[in-house]
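Inspection log for the structure reproduced underneath, given as structure tokens.
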Amino acid sequence: MNPRTKFGVCLPVFDGATVTSGAPDANTVRSVAVEAENLGYDSLWVPDHLMLGRGDSIFECWTTLSTLATATNRIRFGPLVLSYSHRSPSVLAKMAATLDYISGGRLIMGYGAGWYEREQLAYGLPWEPSPYKRIEMMREAIKLALVMWQGEQASFNGKYYSVAKAVCKPKPVQQPHPPIWIGGTGEKYLLRAVAELADGWNVPAMAPSEYTRKLSVIKDHCNSLGRDYNSIEKSMETRVMIIEKESEAEQVIRWFEAFKAMFGRPDPLKPNASTLEEAKVTYIIGTVGECEDRIREYIKAGVQHFTIYPLDLPSTRTLTVLSREIIPKL
Amino acid sequence: MKADFGFAVPILAGGNDNLPRIPCSTTIDFGAAKEATILCEKLGYDALYMADHLSMGGEILEGWTVLSALSAVTKSMRLGTIHTASLFRNPALLAKMSATLDCISNGRLDLFLEAGHLGGKEETVSYGLPWSDDANVRAAMLEEAIAVILQLWSGDESTFRGKYYSTEGAVCRPRPVQDPHPPIWIGTGGGEPAFTDKTGADEVMIKVVAKHADVWNNTPASVEHCRLKLKRLEEECITIGRDVGEITKSLETQVFIAKNEDELRRQLETVRRFNPAGKFFRDYEEFKQFYIAGTTEECIKRIQDYRRLGFTKFIVWFGDYPSLDGVRQFAADVIPQFR
């Protein structure tokens, strides 16, 4: 029997995250987090960007995440996913140890190799144009964190990063370390890094068949690296909205159009849809029955943990219907 | 005589001979820190501050993570880290973090910066972060960091091309809630022997304070040393043509409340093991002078002395923590004298 499929909620921390949203609102973020926990969701997620959404308006990731340590009690949470070079990897490891510690061991560390050149250059942060090198740097950042989380004093002499007798105490609560997720799609290097280092893999929404194909690539990497494929949690980020009325369908279409106009440049968050039919193919949008069918399709394709943006927040209708009417049936 | 009192919540284990901040506490306890925070807000403390360090050689929680977490259990207290080392984070990122925290906390952030004092060299270097022994270089980096931050906080597209940092069309939105922006605090060492950076960093930093600070904070020091420090600040302000009255003065210090001399001497004993070779004070008299140590009346009088010099904000560490007796007594008997 398959283990229970998990569902996490991505918090609306940027303008344009949902069909009704304006500038990010702290009260909304907090109440969604609390409600998600009350409804039994498995995880909460915050993207790590500096400029995103309408007017480039977005809350900073780690600041927001840290508030979840006290605003919630049981639900796990994490960045989805960290842009590797926003913070020094050693400082990041320290931040993670602390956040895991003060939350009672609930952090999931999501790393990414970074893709958003525009914000890196704008903020004067290091930007490495070669995707291969970025992945190498991400791998090193993860290995550095693992060393810092485990010893009394950490020394690490990498190609890109090093620490010398660095003390990182208190240690994270989770042993041997907080789960590490890696987000991305690159088949040659990124998915290989997943096989090498990750406890979980995350990717923006794609067709079920494509998701299955990516899994087989991960499996090949696992085989060649001697890694147990089953020990990696398979997740996918997507958008969900229960719509029953014509007017709601229109809202969604208008959001897609605005979203596309907002991101007038390559952006993985840009929906590949300009009609409702296309939206339904790309995301999980429709009646309760339609959404349930789509979710089952993805579970069959191999998704074990959905990380979703409910598109109708701050309305908690999709959040509630999903947890009360769909998830129990799966 | 009005004054504000901020509670310095310990997020480090006391067993650390670098700093006798919490001599009676030897373990980290975030739950206790959270409860103390909630209590202090109830008791009327005006603000909450905490350390910002990576290791200080021992057990310590990361400052900004805890600040953000504790912002969520408070509603009215102002929030800040004590001497945010600007070297740990890219200043544009720091601008973004602080703008978000100001929004989330509904406009309560104090952004408290420093340029990295000599005591922070070990943790900075061990973490693989850049460090210059030259205080002038570190001060210059801090000045650039402030410029980057202020520009980004405007919410407008920002471009800054400095020697150490740069931005290019950067946008920081949502911008902070506070108008015109969160107050910028800059810290210097007290002038007491242990806190005097032998490299002359304080001399350099007092100039940065004069130029840029909305609030100046000094580490524990006697009234006399504070007077001298303030005089230096006044001189610097005259040199650059800034009214020293524009700068709010804050003192971060230790509070030891005792019923009588015997009890105070007992409290002094708890601090002794953190004061090897008289690093922070040489005897009972200096202990009393450098910190706010004594009966309630003596503490009130001492604060009045600092207040008369012009210090209107106090960040207080309690020597008996994790006991909350000091916290409560201070709130009951001292704070009301300054409302």
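The values are calculated or read from the model by the stated rules, or taken from the named source; none is laboratory data. Predicted, not measured: the structure shown is a model, and the values here were computed from it. Methodologically, a virtual Cβ is constructed for each residue, glycine included, from the backbone with ideal geometry; neighbour enumeration extends over all protein chains shown.
Brief remarks on what is shown
- Of the residues making up the stretch B:35-57, those that are away from chain A (no Cβ under 12 Å) and part of a helix (DSSP H, G or I) are B:Ala36, B:Leu39, B:Cys40, B:Glu41, B:Lys42, B:Leu43.
- The residues of the stretch A:29-50 that are part of a loop (DSSP other than H, G, I, E, B), surrounded by fewer than 23 Cβ atoms within 10 Å (Cβ to Cβ) and touching a Lys or Arg at 6+ places or on another chain (Cβ under 7 Å) amount to a single one, A:Asp42.
- Some residue of the stretch A:8-23 being of a type in the set (Ser, Thr, Tyr), more than 9 Å from chain B (Cβ to nearest Cβ) and more than 21 Å from A:Phe306 (Cβ to Cβ): yes
- When we screen B:Ile292, B:Ile315 for residues that are farther than 22 Å from B:Gly119 by Cα and not polar (S, T, N, Q), the only hit is B:Ile292.
- Consider the stretch B:245-286 and keep the residues that are outside any loop (DSSP other than H, G, I, E, B) and of a type in the set (Asp, Glu). The one that is nearest to the chain's Cα centre (by Cα) is B:Glu252.
- In the stretch A:93-118, residue farthest from the other protein chains (Cβ to nearest Cβ) [restricted to those that are at pLDDT below 95 and surrounded by 24 or more Cβ atoms within 10 Å (Cβ to Cβ)]: A:Ala113
- For the stretch B:214-262, filtering for residues that are over 15 Å from B:Gly310 (Cβ atoms) and hydroxyl-bearing (Ser, Thr, Tyr) leaves 4.
- Any hit, the stretch B:296-307, residues being in contact with a helix residue (DSSP H, G or I) (Cβ under 8 Å, 6 or more places away or on another chain), aromatic (Phe, Trp, Tyr), under 30 Å from B:Phe30 (Cβ atoms) and not in a loop (DSSP other than H, G, I, E, B): no
- Residue within the stretch A:64-79 that is of a type outside the set (D, E, K, R) and either more than 29 Å from A:Val173 (Cβ to Cβ) or in contact (Cβ under 8 Å) with a residue 60 or more places away in the chain (or both) present: yes
- Selected residue (criterion: surrounded by the fewest Cβ atoms within 10 Å (Cβ to Cβ)) from residues of the stretch A:215-262 that are within 20 Å of A:Cys10 (Cβ to Cβ) and out of contact with any strand residue (DSSP E or B) (no Cβ under 8 Å at 6 or more places or on another chain): A:Ala258
- Identity of the residue in the stretch A:64-92, part of a loop (DSSP other than H, G, I, E, B) and closer than 23 Å to A:Ser155 by Cα, that ends up farthest from the other protein chains (Cβ to nearest Cβ): A:Tyr84
- Residue list for the stretch A:219-230, restricted to those being closer than 22 Å to A:Ala205 by Cα and not acidic (Asp, Glu): A:Lys219, A:His221, A:Tyr229, A:Asn230
- There is no residue in the stretch B:71-81 that is without any contact (Cβ under 8 Å) to a residue 60 or more places away in the chain and over 21 Å from B:Tyr45 (Cβ atoms).
- All positions within the stretch A:170-193 that are among the small types (Gly, Ala, Ser) and buried (at least 20 other Cβ atoms within 10 Å of the Cβ): A:Gly183, A:Gly184, A:Ala193
- Scanning the stretch A:147-167 for residues that are of a type in the set (Ser, Thr, Tyr) and within 22 Å of A:Lys133 (Cα to Cα) gives A:Tyr160, A:Tyr161, A:Ser162.
- Looking only at residues in the stretch A:123-140 that are aliphatic (A, V, I, L, M) and under 10 Å from A:Ala113 (Cα atoms), the one that is surrounded by the fewest Cβ atoms within 10 Å (Cβ to Cβ) is A:Met137.
- Scanning the stretch A:51-60 for residues that are more than 9 Å from every other protein chain (Cβ to nearest Cβ) and assigned to a helix (DSSP H, G or I) turns up just one, A:Arg54.
- Of all residues in the stretch B:68-125, those that are at pLDDT 95 or above, part of a helix (DSSP H, G or I) and facing chain A (nearest Cβ under 8 Å) total 13.
- In this structure, B:Ile60 does not satisfy being buried (at least 23 other Cβ atoms within 10 Å of the Cβ), out of contact with any Asp or Glu (no Cβ under 8 Å at 6 or more places or on another chain), in contact (Cβ under 8 Å) with a residue 40 or more places away in the chain and more than 12 Å from every other protein chain (Cβ to nearest Cβ).
- Whether a residue is within 14 Å of chain B (Cβ to nearest Cβ), surrounded by fewer than 22 Cβ atoms within 10 Å (Cβ to Cβ) and either acidic (Asp, Glu) or within 25 Å of A:Arg294 (Cβ to Cβ) (or both) was assessed, and A:Glu196 does not pass this test.
- The numbered conditions (1) at pLDDT 95 or above; (2) closer than 20 Å to B:Asp133 by Cα; (3) in contact with a strand residue (DSSP E or B) (Cβ under 8 Å, 6 or more places away or on another chain) are all true for B:Tyr165 except (3).
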